[in-house]
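Peer 1: Here's a structure for you.
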Amino acid sequence: MGDEPVNVKEYQELAKQALPKMYYDFFAGGSEDQHTLKENVEAFQRITLRPRVLVDVSKIDMSTTILGYKTSAPIIVAPTSLHQLAHPQGEILTAKAAAACNVIMGLSFSSTCTIEEVASSCNAVRFFQLYVYKRRDISALMVKRAEANGFKAILLTVDTPKMGHREADIKNKMIAPQLKNFEGLMSTTVDNSEGSNLEAFTSSSLDPSLSWKDIAWLKSITQLPILIKGVLTREDVIKAMEIGVEGIIASNHGGRQLDYVPAAIDALEEVVLAVQGRIPVLFDGGIRRGTDVFKALALGAQAVMVGRPVLYGLAAKGEYGVKRVIEMLKDELELTMALSGCPTLNDITRNHVRTQIDDHHSRL
């Protein structure tokens, strides 16, 4: 492999070479047997494309609007934690790359740069990802800071009442850095010499009592639209719409929480069918190619989130690496749309893909 990657996957190998093993394992790893982690990527390979031909594709338009905000492509930088473990300038560079590519950035509650630093670094449209801690005052303060600094939506992560059992972090005795957002509020330093300092901190901080009734609390402290991230079932979609959330993110936390849940792409259609077009559905999990983006859109997602590849680009080549990861996915999506006979995103339909469920039905 040459110095310049030709696809997103090659950035992962560069990141592995650039990062200390502890940090690479933290970014790359999943929970327990890592079955869902692997399935998130491999499940895309079981979905095939059904292209249309003799369509005028001389002009391809990938632009879209997400929650009212125009973006160059249906690609969002997923909120992922601790970017300064990948690069000293961390989330600031990630935000600048998102702005340069005209895509939306999600900022993690566990970012290593502050909300204010990221907000002042560039003009990217930004969404803020929220965990609810036992100390609700801290979560509420972060929401208010995000709103005051121009963030446009709250992405409430709901699949983490406790942290998943990430065995690589335990073996490596992963250390959580002190998070600047929490300076003067709480310490992320936890004495846990037997395993992961990060797991010990999150276990002591996350609020396992968080439930549907708490969405009303969140609505009471912010005017921003609330999307819930980590939904995989029809039943939870229906509850989410009953309480009035503004969007759903179909996600299994990148295979980092409950192992042996379905690959995110395998759960997407159940979520989409339950929503029935009433609120936006975003998708998160396993995107590595433009064809993956196309498949998720065909199955009903309005846009996809990209997490680990962004971190790999950041670790390998800083802001340039993040931009290249996003650009590669955009270029591959554009090519896939052209070769599939889809000049616009609205032309991508369910009939453009064939899944294992379709194969099963055809045999009945």
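Peer 1: With every protein chain present, what is the per residue accessible area of the range 204-335 (1.4 Å probe, Å²)?
Peer 2: Dividing the accessible area of the range 204-335 by its residue count gives 35 Å².
Peer 1: Shifting gears a bit: With an 8 Å Cα cut-off and a minimum separation of 6 or more residues, compute the relative contact order for the chain in percent.
Peer 2: 26 percent.
Peer 1: Between their Cα atoms, which of K152/K229; K171/K295; K219/K239; K162/K239; K152/K330 are more than 26 Å away from each other?
Peer 2: Among K152/K229; K171/K295; K219/K239; K162/K239; K152/K330, the Cα-Cα distance tops 26 Å for K171/K295.
Peer 1: Also, I was wondering about something else. Using only the Cα atoms of the range 1-119, build the gyration tensor, take square roots of its eigenvalues as a ≥ b ≥ c, and label the shape rounded, prolate or oblate: rounded if a/c is under 1.5, else prolate if a/b is larger than b/c, else oblate.
Peer 2: Oblate shape, in that a/c is at least 1.5 and b/c is the bigger or equal ratio.
Peer 1: Between L49 and Q178, 0.36 nm times their residue separation minus their Cα-Cα distance comes to what?
Peer 2: That pair, L49 and Q178, stretches by 41.9 nm at full extension.
Peer 1: Just want the answer: with Cβ charges of +1 for Lys and Arg and -1 for Asp and Glu, which residue in I138, F127, L179 is farthest toward the dipole's positive end in the range 61-191?
Peer 2: Selected residue: I138.
Peer 1: Based on the Cα gyration tensor of the range 63-207, what are the three equivalent ellipsoid semi-axes, each the root of five times an eigenvalue, rounded to whole Å and given largest first?
Peer 2: In descending order, the three semi-axes are 27, 16, 14 Å.
Peer 1: Normalized C-alpha radius of gyration of the range 190-318, against 2.2 N^0.38 Å?
Peer 2: 1.19
Peer 1: Using the basic label-point model (7 angstrom from Cα toward the beta carbon), what is the T233 to T65 distance in nanometres?
Peer 2: Here the modelled spin labels are 3.6 nm apart.
Peer 1: Write down the radius of gyration of the range 251-345 and its Dmax, each obtained from C-alpha positions, in Å.
Peer 2: For the range 251-345, the Cα radius of gyration and maximum Cα-Cα distance read 14.2, 41 Å.
Peer 1: Right, something else. Within the range 213-283, list the chymotrypsin sites (Phe, Trp or Tyr not before Pro) lying in a DSSP loop whose Cβ has at most 14 other Cβ atoms in a 10 Å radius.
Peer 2: Sparse-neighbourhood loop chymotrypsin sites (Phe, Trp or Tyr not before Pro): Y260.
Peer 1: Moving on to the next point. First measure r as the distance between the Cβ atoms of K213 and K38, then evaluate 1/(1 + (r/R0)^6) with R0 = 35 Å and state the FRET efficiency to the nearest 0.05.
Peer 2: 0.45
Peer 1: Find the percent of Cα-Cα distances in the range 59-114 that exceed 18 Å, and round it to a whole number.
Peer 2: 37
Peer 1: Students often forget the sequence filter, so: which aspartates and glutamates lie under 19 Å Cα-Cα from K9 once same-chain residues fewer than 8 apart are removed?
Peer 2: Within the straight-line cut-off, K9 pairs with D25, E39, E42, D284, D292, E319, E327, D331, E332, E334.
Peer 1: Then there is this: Leaving out ligands, DNA and RNA, and with a 1.4 Å probe, what % of the accessible surface on the chain is carbon or sulfur?
Peer 2: 51
Peer 1: Quote to one decimal, in nm, the extra length available between I221 and K21 on full extension: 0.36 nm per residue of separation minus the C-alpha distance between them.
Peer 2: 68.0 nm is the gain from fully extending I221 to K21.
Peer 1: Now, a different point. At R0 = 22 Å, how high is the FRET efficiency between T349 and D56 if r is their beta carbon distance? Nearest 0.05 is fine.
Peer 2: 0.80
Peer 1: Let me test this: with uniform point scatterers at the alpha carbons of the chain, what is the Debye-based log₁₀ I(q)/I(0) at q = 0.08 1/Å?
Peer 2: The calculated log intensity ratios at q = 0.08 Å⁻¹ are -0.37.
The values are calculated or read from the model by the stated rules, or taken from the named source; none is laboratory data. Because the structure is predicted, anything quoted here is derived from the model rather than measured. We place every Cβ from the backbone using ideal geometry, glycine too, and count neighbours over all the protein chains shown. All accessible areas refer to the heavy atoms of the entire protein, side chains included, with ligands and DNA or RNA removed. Shrake-Rupley method; radii C 1.70, N 1.55, O 1.52, S 1.80 Å.
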